[in-house]
Structures are given as structure tokens and as C-alpha cells.
């Protein structure tokens with residue numbers, strides 16, 4: 001096996017490092033904003049006082065009825 005030696009200036013390495021750090025910070029900030037949005041959505045939904053299990057059961061019943069109508073019997 002051979003060796004490959006690359007000459008890289010310190011300034012270039014610093015620029016690459018700074019760009020990567022900036023990218024990671026932006027990525028982290030996006031996730032923090034998303035987490036905040038999800039929390040506010042969760043709070044809004046929990047304040048609605050809706051029985052989601054009851055709603056889901058009703059929707060499932062209705063969908064099942066519609067599905068049975070389309071079955072070739």
C-alpha cells in the first residue's frame with residue numbers, strides 16, 4: 001500500500017471546521033424549533049377535551065361499513 005500526503009493550510013481546515021459547526025448549529029436549531037412546535041400542538045390538542053379513543057372507534061366503524069358495501073358478495 002502506498003501513502004498519499006496532502007498539504008492543507010491551517011486556514012482551510014479552520015474554514016471547513018467552521019462550516020461544519022455552523023451546519024450542525026443550524027440543524028440543532030431546526031430540531032429545537034420543531035420540538036417547540038410539537039409541544040404547542042400537543043398542548044392545544046390536550047385542551048380540546050376530545051375523547052380520541054371514542055372518535056377513532058367511530059371512524060373505524062364507519063370505514064368498515066363503507067368497505068363492506070364495496071365487497072363483491
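Here, each number is a calculation from the coordinates, and none is a lab measurement. Just so it is clear, the structure is predicted and the values come from calculations on it, not from any experiment.
Roughly how tilted is helix 10-46, in degrees to the nearest 10 and between 0 and 90, from the longest Cα axis of the chain? Relative to the chain, helix 10-46 is tipped by roughly 20 degrees. Using only the alpha-carbon atoms, how far is helix 52-70 inclined from the longest principal axis of the chain? Give it as 0 to 90 degrees, nearest 10. Tilt of helix 52-70: around 70 degrees. Result for the chain in a Gaussian network model with C-alpha springs under 10 Å: among 22, 35, 60, the largest mean-square fluctuation is at 60. Summarised as an ellipsoid, region 10-70 has semi-axes of 49, 18, 5 Å, derived from the eigenvalues of the Cα gyration tensor scaled by 5 and square-rooted, with the largest first. Considering only 21, 59, 41, the Gaussian network model of the chain with Cα springs below 10 Å gives its largest mean-square fluctuation to 59.
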